[in-house]
Amino acid sequence: FLYANIIRPLSEASYGTYLMHIMALVVLADRLKGAVPTPVAIVLIAVGSFAVSSAVSLVVRKIPKVGKLIVG
């Protein structure tokens, strides 16, 4: 269950996640700068950028024919 439903899809979308993570990182960093203490912001930005870019990558992969070309 864990491998088939979570690990494998994330692994297949990892290239797209890598390509998109910097955009999510910049947006989250701008929003969290000064709002929370720096150590908390670092953790929130890291987890948030991974979650957002992975979710977008998984959704884009569902587009027939084009999705795999865009995000791998």
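The values are calculated or read from the model by the stated rules, or taken from the named source; none is laboratory data. Quick caveat: nothing in here was measured; it's all calculated off a predicted structure. So basically every Cβ, Gly included, is an ideal-geometry build from the backbone, and we count neighbours across all protein chains shown. Note: accessible area is taken over every heavy atom of the protein model, side chains too, but ligands, DNA and RNA are not part of it. Shrake-Rupley method; radii C 1.70, N 1.55, O 1.52, S 1.80 Å.
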*In nm, what is the difference between 0.36 nm times the number of residues separating VAL43 and LEU2 and their Cα-Cα distance?*
12.3 nm
_Rounded percent of accessible protein surface that carbon and sulfur make up, the chain, 1.4 Å probe_ = 74 percent
*Would you kindly derive the ³J(HN,Hα) couplings of region 57-66 from the backbone phi angles with the Karplus curve 6.51 cos²θ - 1.76 cosθ + 1.60 (θ = phi - 60°), listing them in order in whole Hz, with x for Gly and Pro?*
4, 5, 5, 5, 4, 6, 5, x, 6, 8
*Once every DSSP H run of n ≥ 4 in the chain is given -39500 (n - 2.57) and the sum is divided by its residues, what mean residue ellipticity at 222 nm do you get, rounded to the nearest 500 deg cm²/dmol?*
-23500 deg cm²/dmol
_Exposed trypsin sites (Lys or Arg not before Pro) absent - longest run of the chain, DSSP non-H/G/I/E/B, at most 10 other C-beta within 10 Å_ = 1-61
_I'd like to check one number: the per residue accessible area of the chain, probe 1.4 Å, reported in Å² as a whole number._
73 Å²
*How far is the Cα center of region 47-67 from the Cα center of region 1-40, in Å?*
10 Å
*Restricting attention to the alpha-carbon atoms of the chain, what are Rg (one decimal) and Dmax (integer), both in Å?*
13.9, 44
